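Since the structure comes first, as structure tokens, the remarks are kept for the end.
The values are calculated or read from the model by the stated rules, or taken from the named source; none is laboratory data. From a predicted model like this one, the values you see are computed outputs, not experimental measurements. Cβ: placed from backbone, ideal geometry, glycine included. Neighbour counts: every protein chain shown. Calculation scope for accessible area: heavy atoms of the full protein, side chains included, ligands and nucleic acids excluded. Shrake-Rupley method; radii C 1.70, N 1.55, O 1.52, S 1.80 Å.
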Amino acid sequence: MPAFYFHDGNGQLRQGPESVFPILTMLDFGTPDQRYQYVATASFIHPRGVFATAKHTLLDNQDRPLTPAIAIHQYGRFLCVRHLSYFNFHPVHDIAVGELHGYCVNNRKHFGSENLVAAIPIKIDQLPANHYVRSFAYPLTSIGDKVDRFQKATFVGDWSEGHVEEFLPNGRDRTFLPGACYRTSMPVLSGASGGPVFNEDGFMVAVNSTSFGDLPPSHITPVVGMLDLVLNGDVRITVGDLLGYGKS
């Protein structure tokens with residue numbers, strides 16, 4: 001299978017933008033200087049709008065959840081602006097999950113269970129050394145200054161590829177990345193944090209966490225860490241139960 005494709009939740013092959021989207025927050029919210037800022041890449045993991053990303057991207061400098069936050073994703077030929085209904089963080093691993101509001105602000109569409117997702121493998125095994133991995137994210141996104149209350153945004157997605165070098169069950173370090181992660185040879189550009197990482201079979205197995213000056217090595221966080229996180233919808237359920245993994 002060509003490495004630049006991945007499996008969606010229906011078993012079809014896709015190329016990236018349909019299930020992967022940028023997340024923005026607003027600086028100086030509620031003041032005349034309020035403006036949008038790009039913070040992360042995320043990916044749908046369930047058709048109802050549940051997504052996964054890196055935990056650190058949704059926290060401010062004082063480890064408080066970013067608010068407000070919106071997602072901009074592709075739907076057919078259109079771009080949809082949707083608010084994040086909620087998100088939940090793993091206490092140790094650099095991974096977070098959340099859900100987008102069903103209402104699309106800019107075209108009044110209401111989403112049900114119809115979001116295109118990146119499929120997670122039926123069994124989440126540890127990746128061996130030298131396993132090929134590839135990620136899709138929006139590291140080249142740019143958001144201009146405000147002009148007449150508007151900002152011009154350009155969302156540019158890009159692929160990155162490399163190999164697993166080592167599994168670090170106790171994290172890279174105690175402060176910045178204490179949770180289980182992989183060290184890889186894949187360059188992760190600034191702004192690609194949270195982007196989905198696919199294995200050589202095209203299944204989502206991790207999210208981008210850190211890199212050093214846009215050069216290898218990089219570190220990615222396996223998706224197994226999100227399975228016990230609880231989603232705060234009408235019915236509280238873990239991600240693992242929602243995706244059919246049961247108790248991790």
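For this structure, a couple of remarks:
- Cα-Cα separations in the chain greater than 26 Å, expressed as whole percent: 34 percent
- Fraction of accessible area attributable to carbon and sulfur, the stretch 1-159 (%, probe 1.4 Å): 51 percent
- Taking GluC sites (Glu not before Pro) across the stretch 113-199, the ones in a DSSP loop with at most 13 further Cβ atoms lying within 10 angstrom of their Cβ are GLU114.
- P(r) weight above 13 Å for the stretch 131-186, C-alpha pairs, percent: 71 percent
- Backbone amide hydrogens, once placed in the peptide plane, bring LEU59 within less than 5 Å of LEU66, excluding anything fewer than 5 places away on its chain.
- Surface exposure of the chain, expressed per residue as accessible area with a 1.4 Å probe, stands at 49 Å².
- Placing a label point 7 Å from the Cα of HIS131 along the Cα-to-Cβ direction, the residues of the stretch 170-197 whose backbone N falls under 13 Å of that point are 181-184, 197.
- The stretch 102-244: C-alpha gyration tensor shape, a/c 1.5 cut-off, then a/b vs b/c: oblate
- Per-peptide packing, taken as the mean over residues of other Cβ atoms within 10 Å, places 76-85, 181-190 in the sequence 181-190, 76-85 from highest down.
- Across the chain, Cα pairs under 8 Å and at least six residues apart give a relative contact order of 20 percent.
- Partnerless cysteines, meaning none of the other Cys C-beta atoms lie under 4.7 Å away, in the chain: CYS181
- Residues with amide H under 5 Å from that of PHE111, placed H, sequence gap 5 or more: TYR103, CYS104
- Anisotropy class of the stretch 31-101 from Cα gyration tensor, a/c 1.5 cut: oblate
- From its DSSP helices (H runs of at least four residues, each -39,500 (n - 2.57)), the chain gives a residue-normalised ellipticity at 222 nm of 0 deg cm²/dmol.
- Spin-label pair LEU13-PHE212: with each label point 7 Å from Cα along the Cα-Cβ axis, the two points sit 3.6 nm from one another.
- Near the amide H of SER85, within less than 5 Å, lie the amide hydrogens of GLU99, LEU100, HIS101, all on another chain or at least 5 residues away, with H placed in the peptide plane.
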